[in-house]
Amino acid sequence: MPKNLVIVESPAKAGTIEGFLGKDFTVASSYGHVRDLPKGDNAIDIENGFTPHYEVSKDKKEVIRNLKKLVKSVDTVYLASDDDREGEAIAWHLSEALKLDKASTKRIVFREITKNAVLKALESPREIDMELVNAQQARRILDRLVGFELSPILWRKVKTGLSAGRVQSVAVRLVVEREREIDRFKVNSSFKVVAAFTLETGEQLKGELPKKFDTIEEAQAFLEKCQGADFSISNLESRPVKKSPTAPFTTSTLQQEASRKFGYSVAQTMRLAQQLYEKGLITYMRTDSTILSGEAISRATNEITSAYGEQFVKVRQYKTKSASAQEAHEAIRPTNFASRSAGVDGQSTLLYELIWKRAIASQMADAELEKTTATISISTADDHLISTGEVIKFEGFLKVYIESTDEENGNGNDSLSKDMLPPITIGQVLNFIEMTARETFSRHAARFTEASLVKKLEEMGIGRPSTYAPTISTILKRNYVVKESRDGKPRAFNLITLNREGINATLESENAGAEKNKLFPTDIGIIVNDFLVEHFPNIVDYSFTANVEEEFDKIANGKYDWAKMIEEFYLPFHEKVEKTADDERP
DNA sequence: CAGTGAGCGAGCTTCCGCTTGACTT
């Protein structure tokens with residue numbers, strides 16, 4: 001009979017850890033939070049210091065029953081929920097719900113699921129940090145008060161069943177304001193000059209004028225000036241360029257890259273990642289950390305050495321960008337770097353390979369490129385044309401992984417697109433084919449995709465890895481925003497061509513404004529947003545979360561009383577709620 | 001007498017964050 005019980009949050013994690021520990025240990029899972037505020041109005045006793053009344057959640061009754069049985073059969077209980085604010089609260093709720101005896105209960109934490117990390121954690125147990133728990137309670141209570149006081153106002157003023165909250169309302173605001181910015185956007189056109197030449201070898205060389213012309217008259221005049229000109233290479237410069245790999249995946253970067261490369265929705269990505277996690281193929285998929293365990297790094301470098309050679313290895317540790325990161329887990333990586341394929345269905349395999357490549361590439365050498373710039377002089381003008389090309393001298397991490405970028409045209413764009421220049425020398429005279437001046441148009445800021453909205457929220461410190469996908473689902477379900485693809489419309493543009501026959505101006509047509517899977521605000525989304533911005537500007541302020549997070553940190557450090565913090569927020573907020581509700585204006 | 005309809009009251013919606021698995025489509 002085991003003498004010790006370890007409780008973690010996830011059953012898959014429990015299975016792994018049980019494998020590390022001997023017969024004296026049994027490992028069980030709480031399946032996340034076990035208690036929460038009930039739905040009704042009595043959950044928080046506002047009159048008495050905002051005292052919360054928690055209940056075991058409906059779907060956790062069975063979990064608690066089973067855990068209680070296990071507790072009875074052991075001597076010591078180790079609460080091993082995640083090493084962050086929510087995890088600390090889970091540990092406390094477990095100790096309350098299971099009525100654990102303080103003397104035989106220990107709190108342990110680890111940030112990587114490796115045998116060493118777990119054994120070390122068992123050797124240095126501590127008590128539950130009530131200040132951290134109080135910071136979580138303040139977070140929970142604030143979110144309930146905001147959500148459950150604002151939403152009913154919307155039922156009365158706009159439409160029943162609507163919702164507002166600290167996170168979702170800011171997400172909607174971002175989409176609404178982006179759309180307004182696009183509406184206000186004034187398109188400018190300008191003329192871009194490109195020339196094409198042939199070399200004796202038959203290869204082509206293209207050169208571009210660095211400046212653009214504002215008017216068709218100036219463009220026309222420039223082409224006229226170039227008529228009959230001689231073109232030659234007047235300068236040739238090469239410089240080395242290094243490219244470094246990006247950090248291994250966090251939840252949000254995985255969602256972005258899977259969206260760009262495969263067009264997956266954020267919910268779809270999380271579903272597939274969950275499957276991989278449950279099969280034991282990847283580490284935990286809800287994380288804000290880019291850190292790899294020492295063990296993972298050494299196994300990744302072994303794989304790189306055997307597959308590509310030692311010169312491709314470069315050990316790196318990445319700093320997390322977002323200030324709100326809690327880093328209770330590792331970055332998302334394969335559990336076994338030697339396994340290149342998930343061997344499951346198509347979509348999961350693609351996602352697995354993406355995770356493998358990104359994690360492996362993160363420990364690989366820089367790519368070394370040579371960037372060449374050729375300057376082409378024009379005998380009849382002071383202006384020069386510029387031609388650039390790139391040559392990869394050493395592939396480094398590019399052998400494995402190229403990150404995609406958000407581009408308006410089409411989905412992800414993986415290619416490095418820059419070709420190398422054909423062999424040319426200074427003084428070489430070029431054989432002119434043609435020169436074009438094409439009218440191009442300035443572009444408004446891109447509409448959000450699901451994934452780019454998540455990226456924005458993360459940058460602002462709003463929401464957590466476990467809530468990014470559900471937040472997107474909520475604002476879609478409420479019909480505040482819609483995800484749509486729209487066909488573009490034909491747009492005329494001027495094209496002037498200079499070739500051996502002379503100058504010829506034509507009006508051409510291109511397709512412009514096509515959108516694929518972008519978020520658009522709905523009328524109801526705009527109405528709700530404008531209502532909240534007018535009456536509750538502080539709640540939907542982009543820095544509201546950052547401000548309250550600062551106060552939660554003070555609570556966690558014992559420098560601020562949580563009830564005091566809630567009171568100072570709630571009194572003016574509630575007064576405003578009452579006033580707004582009484583206001584008979586629609 | 002039977003069926004209809006106006007009017008009334010009760011009960012519900014909702015937050016964020018931590019986890020799966022049980023549900024539909």
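Quick note: the coordinates plus some simple rules give every number you see, no bench work behind them. Fair warning: this is a prediction, and the values are worked out from it, not measured in the lab. Backbone-built Cβ (ideal geometry, glycine too); neighbour counts: all protein chains shown.
Taking other residues whose beta carbon is less than 12 angstrom from the beta carbon of A:LYS120, and scoring Lys, Arg as +1 and Asp, Glu as -1, yields 0. Label separation (A:SER473 vs A:GLN204): 4.9 nm, computed from points 7 Å beyond Cα along the C-beta direction.
Here the ratio of the Cα radius of gyration of region A:152-208 to 2.2 N^0.38 Å is 2.53.
For a quick check: sort A:LEU223, A:LEU507 by the number of other beta carbons within 10 angstrom, fewest at the front. Don't skip to the answer; put the middle values down first.
Numbers: A:LEU223 23, A:LEU507 9.
Least to most surrounded, the residues fall as A:LEU507, A:LEU223.
Here's the list of aspartates and glutamates a cross-link from A:LYS243 could span, going by alpha-carbon distance under 13 Å and ignoring same-chain residues fewer than 8 apart: A:ASP366, A:GLU368, A:GLU370, A:GLU390, A:GLU395, A:GLU403. Annotation: extensible slack from A:TYR31 through A:THR160 equals 43.2 nm (criterion: 0.36 nm per residue apart, minus Cα-Cα distance). Shown in residue order for region A:107-119 are the 3J(HN,Hα) couplings computed by the Karplus curve 6.51 cos²θ - 1.76 cosθ + 1.60 at θ = phi - 60°: 9, 10, 9, 8, 10, 9, 8, 10, 4, 4, 5, 5, 4 Hz (x for Gly and Pro). Which of the lysines could a cross-linker span from A:LYS279 if the Cα-Cα distance has to be under 17 Å and same-chain partners fewer than 8 positions apart are dropped? Hits, sequence-local ones excluded: A:LYS13.
Under 5 Å from the amide H of A:TYR264 lie the amide H atoms of A:SER259, each residue being 5 or more positions distant or on a separate chain, with H modelled from the backbone and absent for Pro and chain starts. In this model, which of A:LYS186/A:LYS211; A:LYS23/A:LYS106; A:LYS477/A:LYS579; A:LYS455/A:LYS483; A:LYS3/A:LYS554; A:LYS68/A:LYS564 are farther than 27 Å apart at the alpha-carbon? In this structure, A:LYS477/A:LYS579; A:LYS3/A:LYS554; A:LYS68/A:LYS564 exceed 27 Å between Cα atoms. For region A:311-457, the spread of Cα positions along the three principal axes, ordered from largest to smallest, is 65, 42, 35 Å.
Take the Cβ atoms of A:GLU237 and A:GLU62, set R0 to 41 Å, and the FRET efficiency comes out at 0.05.
So how do A:ILE539, A:ILE472, A:ILE426 line up by other beta-carbon neighbours within 10 Å, fewest first? Mind dumping the intermediate values first?
Working: A:ILE539 19, A:ILE472 27, A:ILE426 11.
If I rank by nearby Cβ atoms, fewest first, I get A:ILE426, A:ILE539, A:ILE472.
How big is the charge dipole of chain A about its Cα centre, in debye rounded to the nearest 20, if each Lys and Arg gets +1 on its Cβ and each Asp and Glu gets -1 on its Cβ?
That gives chain A a dipole magnitude of about 1780 debye.
Residues in region A:144-159 carry Karplus couplings, in order, of 5, 4, 4, x, 8, 9, 6, 4, x, 5, 5, 4, 6, 8, 10, 6 Hz; the curve used is 6.51 cos²θ - 1.76 cosθ + 1.60 with θ = phi - 60°, and Gly or Pro positions show x.
Given chain A, report the % of alpha carbon pairs whose separation exceeds 30 Å.
On the way: 109805 of 171405 pairs.
Looking at chain A, the distances longer than 30 Å represent 64 percent of pairs.
Give me the extension gain from A:VAL391 to A:GLN347: residue separation times 0.36 nm, minus the current Cα-Cα distance, reported in nm with one decimal. Walk me through the numbers on the way to the answer.
Details: separation 44, 0.36 × 44 = 15.84 nm, distance 3.37 nm.
Full extension from A:VAL391 to A:GLN347 adds 12.5 nm.
Counting only DSSP beta bridges with both residues in chain A, tell me the antiparallel percent, nearest 5. Mind dumping the intermediate values first?
On the way: 70 of 82 bridges.
Roughly 85 percent of the DSSP beta bridges within chain A come out antiparallel.
Please order A:LEU385, A:LEU254 by the number of other Cβ within 10 Å, starting at the fewest. Walk me through the numbers before you get to the answer.
Values: A:LEU385 25, A:LEU254 28.
Ascending number of Cβ neighbours within 10 Å: A:LEU385, A:LEU254.
Couplings 3J(HN,Hα) of region A:76-91, computed from phi: 10, 10, 9, 8, 10, 5, 4, 8, 8, 4, 5, x, 4, 5, 4, 4 Hz, in residue order, whole Hz [Karplus 6.51 cos²θ - 1.76 cosθ + 1.60, θ = phi - 60°; x for Gly and Pro].
Taking 0.36 nm per residue of sequence separation and removing the Cα-Cα distance, the A:GLU567/A:ASN48 pair yields an extension gain of 185.8 nm.
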